[in-house]
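**Student:** Could you have a look at this structure, given as structure tokens, before my questions?
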Amino acid sequence: MKIFFLLFILQIYSYYRNFILMNAADKFSITIFLSLSIFWITNDLNIKSVALLYTGVISTFSYVFAAYHKIISPMWRNGKGLSGLFKTEYYGSSTLLKLSNNIFYCQLLSWGTIIFQFSAVIALLSTTYCLVFGVLSSLFHIFNSVALKIRGFFLVFSATLPCIYYASTVIVDFINISK
């Protein structure tokens, strides 16, 4: 178990040295790694539960915060933000370049992304929707991984899906007990 703590310290050191170069997935992975390290280090079931619950809730709200930042951006609302992203050398491709010229599709994908990300909070309130969200989230991140070359997001967020489901079961059970 001490190896997880050592790996966590090494990861923090690495992130500290390269913070400017990190993308959101890199920055988010340190939070995930910390909570999952706590899960593995302790034998206390309550602390394990809190670590999983924290990971699930923070992951869910990262989707919601991403949606919020997109919806307040006129470029995302009108599809030009996604179109511009598709045209970049780093994230773009010949297929995406063709798609970027059709503002209707870019707007549709932008709003689909915003709605999908906002709907993450529903996953915490319904275990059934949580399973649906898990599938949609996996497809979303596979697309981003392949089409936009954002591989880190797929690995980081896929790792949190079981934690989101765990958080959903805890919250749904709490709501049902409170009735």
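**Student:** Under a Cβ-only charge scheme (Lys and Arg +1, Asp and Glu -1), can you give me the dipole magnitude of the chain about the Cα centre, in debye to the nearest 20?
**Tutor:** Its charge dipole is roughly 380 debye.
**Student:** When the chain is modelled as a GNM with alpha-carbon springs shorter than 10 Å, which of 110, 94, 37 fluctuates the most?
**Tutor:** 94
**Student:** Find the lysine pairs in the chain meeting two conditions, Cα atoms under 29 Å apart and a separation of 8 or more places or different chains, and report how many there are.
**Tutor:** Summing the qualifying lysine pairs gives 17.
**Student:** Have a look at 101, 43, 78 and tell me which one the Gaussian network model of the chain (Cα, springs below 10 Å) gives the largest fluctuation.
**Tutor:** The residue that fluctuates most here is 43.
**Student:** Given contacts defined as C-alpha pairs under 8 Å and at least six residues apart, what's the relative contact order of region 65-162, whole-number percent? The partial results should precede the final answer.
**Tutor:** Values: 98 pairs, mean separation 24.1, N = 98.
Computed over region 65-162, the figure is 25 percent.
**Student:** Now for a different question. Using only the Cα atoms, work out Rg/Rh for the chain, with Rh taken as the Kirkwood radius, to two decimals.
**Tutor:** 1.02
**Student:** Mind sorting 177, 164, 38, 47 by how few other Cβ atoms lie within 10 Å of their own Cβ, fewest first?
**Tutor:** The order, fewest Cβ neighbours first, is 177, 47, 38, 164.
**Student:** Report the calculated FRET efficiency for residue 78 and residue 128 (r = Cβ-Cβ distance, R0 = 41 Å), to the nearest 0.05.
**Tutor:** E(calc), rounded to 0.05, equals 0.75.
**Student:** Next question. Taking each full run of DSSP H in the chain as one helix, which ones are at least 20 Å long along their axis (Cα atoms) and have mean Kyte-Doolittle hydropathy of at least -0.5?
**Tutor:** Length and hydropathy pass: 2-17, 24-41, 45-71, 103-118, 127-147, 151-178.
**Student:** Using Cα-Cα distances under 8 Å and only pairs 6 or more residues apart, what relative contact order does region 2-178 have, in percent? Write down the numbers at each step before the final one.
**Tutor:** On the way: 205 pairs, mean separation 42.6, N = 177.
In percent, rounded to a whole number, it is 24.
**Student:** Using helices alone, I'd like the mean residue ellipticity at 222 nm for the chain: each DSSP H run of four-plus residues gives -39500 (n - 2.57), total over residue count, nearest 500.
**Tutor:** -27000 deg cm²/dmol
**Student:** Let me ask something else about it. Check each of the trypsin sites (Lys or Arg not before Pro) in region 56-157 and keep only those in coil by DSSP with at most 15 other C-beta atoms within 10 angstrom; list them in order.
**Tutor:** 149
Bear in mind that the values in this text are calculations on the coordinates, not laboratory data. Bear in mind that the values here come from a model prediction, so they are computed numbers and not experimental data. Please note: Cβ atoms are built from the backbone with ideal geometry, for glycine as well, and neighbour counts cover all protein chains shown.
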